[in-house]
Amino acid sequence: MTALPSAPVADLARSEATRPFWEGLAAGELRLPRCQDCGQVFFFPRPCCPHCWAEAIGWERSAGQGTVYAVSEVHVAFDPTLEVPYLVALVDLDEGVRLPARLDPAGVPYAIGDRVAIAFAEDPAAELPRFAKVPHG
Ligand SMILES: [Zn+2]
């Protein structure tokens, strides 16, 4: 059995189509692709719109607010550079797309439906987007 190369998780998802997403995280912004033809926001980033197949893709800043759709606590990391335990989630952004993310901090109980907001790590370029719980008002 061949060991997987040890690389930051985000490196596995980098391509020309996703470059603005990662550059946004590095700049402290969560950016989403929007089709310049039909106007729909979508995620994950790809070279053409999944709704109408147009190739004119623009990028805009997300407000970074969303709701937890699913959450799981990971105790066995697939990548030895990851510190366990950590929380992974699917977050439904208010812009209408769902994205995979980390939730911080580990050890805080999260539930489906919790409101979360983007929270950037010290080195966001090397990380998946991270979200933290928004206190109930
Ligand atoms: Zn479109």
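The values are calculated or read from the model by the stated rules, or taken from the named source; none is laboratory data. Because the structure is predicted, anything quoted here is derived from the model rather than measured. All Cβ positions, glycine included, derive from the backbone under ideal geometry; neighbour counts span all protein chains shown.
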Report yes if E55 is within 16 Å of the ligand (Cβ to nearest atom), farther than 27 Å from H136 by Cβ and more than 18 Å from the chain's Cα centre (by Cα), otherwise no. yes
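So which of E95, E73 is modelled with pLDDT of 90 or more, within 19 Å of A132 (Cβ to Cβ) and within 16 Å of the ligand (Cβ to nearest atom)?
The unique qualifying residue is E95.
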Where in segment 58-137 are there strands (runs of 3 or more DSSP E), lying fully within it, with 1 or more residues that are polar (S, T, N, Q)? 65-74
Counting only residues that are in contact (Cβ under 8 Å) with a residue 12 or more places away in the chain, in a loop (DSSP other than H, G, I, E, B) and within 13 Å of the ligand (Cβ to nearest atom), how many does segment 20-39 have? 3
